[in-house]
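Quick notes on the structure that follows.
The values are calculated or read from the model by the stated rules, or taken from the named source; none is laboratory data. Just so it is clear, the model here is predicted, and its values are computed rather than measured. Note that each Cβ is placed from the backbone with ideal geometry, even for glycine, and that neighbours are counted across all protein chains shown. Quick note on the areas: whole protein, heavy atoms, side chains included, nothing else; ligands and nucleic acids left out. Shrake-Rupley method; radii C 1.70, N 1.55, O 1.52, S 1.80 Å.
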Amino acid sequence: MKRAIILDGDRVISFVLIVFLMGYGWRAAASTPRAPSRQSNSDAWLVMLDKTGACRMSVPPDWKLESRWPGHVIAPEQTESTLLAGTRRNRVAMSDADQKALEVDKVYENSPDLWFYSSKPIPGAGGKPNLIVYHVNIIRDEGTCIAQILVNQSHLEDEIRRIAVSVSPTTAHRPQ
């Protein structure tokens, strides 16, 4: 028996952002992989806010904030990542059905308050490297903070983890 798939607002937003980032990322992705020996001081990282000011995320200083679009940032390999304030979701871990619907490849954390996972790599074309999208979804009182980090597959996973743990509600939007 087939079940109807019911999409909530966050899933629809996530899907639209993935499609947008994939299209933008392919136009902009550089063909040179990131140097594996790069170190960055998290104290010098840039802090970005989503367009509503409800969510924040820190990125390394060699990433560029996109001034035309609040909540967007460009990685050194010329891929775009996005931060937005999403609608409320239930405070539960991702179920197996959620993971299947979201096409999760690798789970880094799956708790009621934090979903951190990656999608399957997107094959590069025309000599460009494979891309990978990391997803962060954090509960806040009024909804969620959602980050989608699009980078070359060779990007340092440690740096992505550091970016992911920086995603949070802003002080003005934190639970009391």
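Does segment 89-102 contain any residue that is open to solvent by less than 60 Å² (accessible area, probe 1.4 Å), touching a Ser or Thr at 6+ places or on another chain (Cβ under 6 Å) and either closer than 21 Å to residue 45 by Cβ or not hydrophobic (A, V, I, L, M, F, W, C) (or both)?
Checking segment 89-102: at least one residue is open to solvent by less than 60 Å² (accessible area, probe 1.4 Å), touching a Ser or Thr at 6+ places or on another chain (Cβ under 6 Å) and either closer than 21 Å to residue 45 by Cβ or not hydrophobic (A, V, I, L, M, F, W, C) (or both).
So which residues in segment 82-124 are touching a residue at least 60 places away in the same chain (Cβ under 8 Å), in a strand (DSSP E or B) and under 15 Å from residue 138 (Cβ atoms), if there are any at all? Give the derivation first.
If we filter segment 82-124 for residues that are touching a residue at least 60 places away in the same chain (Cβ under 8 Å), which is where we start, we get 82-87, 89, 101-102, 119, 122, 124.
Restricting the remaining residues to those that are in a strand (DSSP E or B) gives 82-86, 119, 122.
Passing the criteria: 82, 83, 84, 85, 86.
Mind checking whether some residue in segment 159-166 is in a loop (DSSP other than H, G, I, E, B) and either surrounded by 17 or more Cβ atoms within 10 Å (Cβ to Cβ) or free of Cβ contacts under 8 Å to residues at least 24 places away in the same chain (or both)? Spell out the reasoning first.
Of all residues in segment 159-166, those in a loop (DSSP other than H, G, I, E, B) come to none.
No, because not a single residue in segment 159-166 is in a loop (DSSP other than H, G, I, E, B) and either surrounded by 17 or more Cβ atoms within 10 Å (Cβ to Cβ) or free of Cβ contacts under 8 Å to residues at least 24 places away in the same chain (or both).
Which of the residues belonging to segment 43-65 are outside any strand (DSSP E or B) and open to solvent by 30 Å² or more (accessible area, probe 1.4 Å)? Quick ask: steps written out before the conclusion?
Filtering segment 43-65 for residues outside any strand (DSSP E or B) gives 43-45, 50-54, 60-63.
Those that are outside any strand (DSSP E or B) and open to solvent by 30 Å² or more (accessible area, probe 1.4 Å): 43, 44, 51, 52, 61, 62.
From the list 135, 173, 155, pick out the single residue that is of a type outside the set (Val, Ile, Thr), modelled with pLDDT of 90 or more and under 22 Å from residue 51 (Cα atoms). If you could, list the steps in order and put the result at the bottom.
Working: 173 fails: modelled with pLDDT of 90 or more; 155 fails: under 22 Å from residue 51 (Cα atoms).
Residue meeting the stated conditions: 135.
Yes or no: residue 147 assigned to a strand (DSSP E or B) and small (Gly, Ala, Ser)?
Details: assigned to a strand (DSSP E or B): yes; small (Gly, Ala, Ser): yes.
Judged against the criteria, residue 147 is a match.
Looking at segment 103-147, which of the residues that are charged (D, E, K, R) and touching a Pro at 6+ places or on another chain (Cβ under 9 Å) is surrounded by the most Cβ atoms within 10 Å (Cβ to Cβ)?
The first filter runs over segment 103-147 and keeps only residues charged (D, E, K, R), leaving 103, 105-106, 109, 113, 120, 128, 140-142.
From what is left, the residues that are touching a Pro at 6+ places or on another chain (Cβ under 9 Å) are 105, 140-142.
Details: 105: 13, 140: 19, 141: 11, 142: 14.
Among those residues, the one meeting the criterion is 140.
Any residue in segment 126-147 that's among the polar types (S, T, N, Q): show its pairings with residues that are open to solvent by 60 Å² or more (accessible area, probe 1.4 Å) and part of a loop (DSSP other than H, G, I, E, B) at Cβ separation under 6 Å, as long as the two are six or more apart or on different chains.
Listed pairs, sorted by first residue: 130/123; 130/153.
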